[in-house]
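For reference, the structure is listed below as structure tokens.
The values are calculated or read from the model by the stated rules, or taken from the named source; none is laboratory data. All figures in this text were calculated on a predicted structure; none of them were measured in a lab. Here Cβ is always computed from backbone atoms with ideal geometry, including for glycine, and neighbour counts include all displayed protein chains.
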Amino acid sequence: MKKDLFSLQNKVAVVTGGNRGIGKAVAGCLADAGADIVLLDLADPSETAAEIAREYGIRTCGLVCDVTDPQQVQACLEKGAETMGTLDLLFNNAGICIHTNCLKVSPEEWRKVMNVNVSGMFFVAQAFARWLLDHHKTGNIVNTASMSAQKVLIPQQMTSYNASKAAVWQMTRSLAIELAESGIRVNSIAPGYICTEMTSTVPEELQKTWIRSIPFKRMADPSELAGAVIYLLSDASTYTTGACINIDGGITCL
């Protein structure tokens, strides 16, 4: 090939939920592909940003951001752009999960999951797209959906999470169509069971049940999501928009 289609050199990537888990792991891989990184997280991501900068020799910026607050999202993107010089890519990853039976989930729990996973993801995508258009730029967005958007998983009970991730899947498709003429591509990934700080708090017996249900018979390392994210953010996927890539060890095939 005449050039490395998967290179993210000279690009600035924003990663939400970037302080730990999937966000942190993928941010490191984006940095390894050459991107400078802006981390946004409700927990201060400054130390994580500095760690990524040291390891990969790129520029980083860590900002505290509540993705459910549109004004704060806009301010953080403006600050990130000011610090890094521009913005090009977005890995829209912040999310939460609450395991509660549908008859017992409180209105507060329901709203919290929807606010972060749906409203927060939309506010970030909207503000990012507006920034690109205001600065006469094209760019790419990758949203984190879930296998739970396509398959009701048992024995855990999490209607709120399942519904929120199904909304992310359809929101991605809608954004892809509405932003296509602006040169902004929007895609998503659908992770399966991933070894993160979030899943490590789940009882061991439940984790064993999950593993028995996965054709690969193991959970994924967060870094195993990065290849798909890099593909969707890079010039390797210039004709791809509205797609959702399953990264689940085959579980949604069952």
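Below is a table of values for the structure above.
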| item | result |
| --- | --- |
| Residue within the stretch 90-108 that is under 17 Å from the mean Cα position of the chain (by Cα) and more than 30 Å from residue 155 (Cα to Cα) present | yes |
| Top-ranked residue in the stretch 235-254 [being in a loop (DSSP other than H, G, I, E, B) and among the β-branched types (Val, Ile, Thr); ranked as nearest to the chain's Cα centre (by Cα)] | 241 |
| Residue list for the stretch 32-51, filter: buried (at least 23 other Cβ atoms within 10 Å of the Cβ), part of a helix (DSSP H, G or I) and either touching a helix residue (DSSP H, G or I) at 6+ places or on another chain (Cβ under 8 Å) or at pLDDT below 95 (or both) | 48 |
| Residue, nearest to residue 25 (Cα to Cα), within the stretch 65-113, restricted to residues that are among the polar types (S, T, N, Q) and assigned to a helix (DSSP H, G or I) | 83 |
| Residues that are part of a loop (DSSP other than H, G, I, E, B) and free of Cβ contacts under 8 Å to residues at least 60 places away in the same chain, drawn from the stretch 214-234 | 214, 215, 216, 217, 218, 219 |
| Scope the stretch 174-213; condition in a loop (DSSP other than H, G, I, E, B), surrounded by 14 or more Cβ atoms within 10 Å (Cβ to Cβ) and either among the polar types (S, T, N, Q) or touching an Asp or Glu at 6+ places or on another chain (Cβ under 9 Å) (or both); matching residues | 192, 193, 195, 196 |
| Long-range neighbours under 7 Å by Cβ, at least six apart or interchain, first residue within 12 Å of residue 76 (Cα to Cα) within the stretch 36-63, second of a type in the set (Ser, Thr, Tyr) and buried (at least 20 other Cβ atoms within 10 Å of the Cβ) | 39/48; 39/60; 40/16; 62/48 |
| Top-ranked residue in the stretch 114-145 [being of a type in the set (S, T, N, Q) and outside any helix (DSSP H, G or I); ranked as surrounded by the fewest Cβ atoms within 10 Å (Cβ to Cβ)] | 138 |
